[in-house]
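The structure appears below as structure tokens.
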Amino acid sequence: MLKVASVSESQKSCFSCRVPLKAEGAPLAAYLADRFTYYKQEDWQRMVEEKHILLNGEVRAADTPVHAGDEIKYFTQERPEPKVPTKIAIVYEDQDLLIVNKPAHLPVHPSGKYLRNTLIHLLRKQKHNDKLFLAHRIDRETSGLCVLTKSTLAKEKMYWVFYEGQVEKTYWALVWGKPDPASGMIDVPIGAVPKGNTQLSKIRIKQIVGGVESKRAQTKFKTLQTNWIRGPWMPPPWKNLQNMTQNKESGDWPVSLVECRPITGRTNQIRVHMAHVGCGLVGDKLYDPSEEIFLELCEGKPLLEGEEGLPGFRLPPHLRPRLVLDAHALHARTLKFRHPRTNETLVLNAPPPQSWRGFYRS
């Protein structure tokens, strides 16, 4: 978890992070370049040499191997970051827990181009509480329920509650077409793209069915409703859209509201599974059948602080009919778990984003 503190005498900010187990043995500059992508590796190497980076409180060489649990401090002038929504609705709060309805386009913790513009940093600042900690994570574009802890007791207990799968999570997704069958269990393994294999994927961060070191992945799903949406749309060629256009002249297309309950917790599990059954999520750039969509958007510059416009992707006009939404339509709708102090069962719900209006009947 990245922590931030002002360094007023130098007009800089100090960011600190702990090295995760998966980065064990990586060279210091390479690890920083992989985690914080707004600088190239040679830039991080220069900053290490200029003593802007400390490893466990000491100046070290750029090729020093890092180890799980190491603390890295990075002293930097504040710089413009991608614009994010800052209005965060509180769903539940007491002495132990803070549970919010996270908007899309807001990362939960620092990574990539985001340091200050994150859920954890904004809430610590808004609540004047540096002891807030994330109990779990959801993707930057995914909206919905996110749990933070306020006490040591809650922090320790909620870690194990999530780790041991004692939380019932329900997501809502808007998908193209209509799942067939309308409900059931998707049980197919998910893994990483093989290194160097561009035939399977040009995008390194994607997960694929049957990928490297695949692990069992199970998602229960239920179609709640299907609606025909009128508009100037030209959706991706998903399998379950074939022969389902109701009226080509008026441009009606079927969009289903699907309830998904992940039994396992693999990266991008719901998005991978829905794409696998031929009903990809509306607005999903990463799992669009054409990888050129995601690659094209990656080349664009994000909307920065101080620039006019709403947070999110600035969709090129030619991609709007295909994506429709600028964030993938996945929402953490419901959480059910036992309170870490009282053992009372909490059932919490969060309404989906306003951008979903018109796609389903409320």
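Any read-out appearing in this document is the output of simple, stated calculations on the displayed coordinates, not a laboratory observation. Just so it is clear, the structure is predicted and the values come from calculations on it, not from any experiment. We place every Cβ from the backbone using ideal geometry, glycine too, and count neighbours over all the protein chains shown.
How would M158, M47 line up from fewest to most surrounding beta-carbon atoms within 10 angstrom?
On the way: M158 25, M47 18.
Fewest to most other Cβ atoms nearby, the residues stand as M47, M158.
With point charges of +1 on the Cβ of Lys and Arg and -1 on the Cβ of Asp and Glu, referenced to the Cα centre of the range 171-331, which listed residue (A329, N240, L315) lies farthest in the positive direction of the dipole?
Farthest along the dipole direction, towards plus: N240.
Nearest 20 debye, what's the magnitude of the dipole of the chain about its Cα centre given +1 on Lys and Arg Cβ and -1 on Asp and Glu Cβ? The partial results should precede the final answer.
Details: 52 positive and 39 negative charges, 150 e Å.
Roughly 720 debye for the chain.
May I ask you to evaluate 6.51 cos²θ - 1.76 cosθ + 1.60, the Karplus curve with θ = phi - 60°, for each residue of the range 115-127 and list the ³J(HN,Hα) values in order in whole Hz, giving x for glycine and proline?
10, 7, 7, 9, 4, 5, 5, 4, 6, 4, 6, 5, 8
For Cα pairs less than 8 Å apart in space and 6+ apart in sequence, what is the mean separation divided by the residue count of the chain, i.e. the relative contact order in percent?
Details: 764 pairs, mean separation 58.1, N = 362.
Computed value for the chain: 16 percent relative contact order.
For the range 62-109, with the dipole built from +1 on Lys and Arg beta-carbon atoms and -1 on Asp and Glu ones, taken about the Cα centre, which of L106, Y92, Y74 lies farthest toward the positive end?
L106
Choose one of G211, T118, V188: the residue whose Cα lies farthest towards the positive end of the charge dipole of the chain (beta-carbon charges +1 Lys, Arg; -1 Asp, Glu; about the Cα centre).
Value: V188.
Can you give me the relative contact order of the range 171-331 as a percent, contacts being Cα pairs under 8 Å and 6 or more apart? Don't jump to the answer; show the numbers that get you there.
Working: 326 pairs, mean separation 46.5, N = 161.
It comes to 29 percent, rounded to a whole number.
So which GluC sites (Glu not before Pro) in the range 274-315 end up in coil per DSSP with only 15 or fewer other C-beta atoms within 10 Å? Numbers along the way, then the final one.
Numbers: sites: E291, E292, E296, E299, E305, E307, E308; in loops: E305, E307, E308.
Those that pass, being in a loop and sparsely packed, are E305, E307, E308.
Taking the Cα centre of the range 84-173 as origin, work out the dipole magnitude from +1 charges on Lys and Arg Cβ and -1 charges on Asp and Glu Cβ, in debye rounded to 20.
Details: 14 positive and 9 negative charges, 92 e Å.
Rounded to the nearest 20 debye, it is 440 debye.
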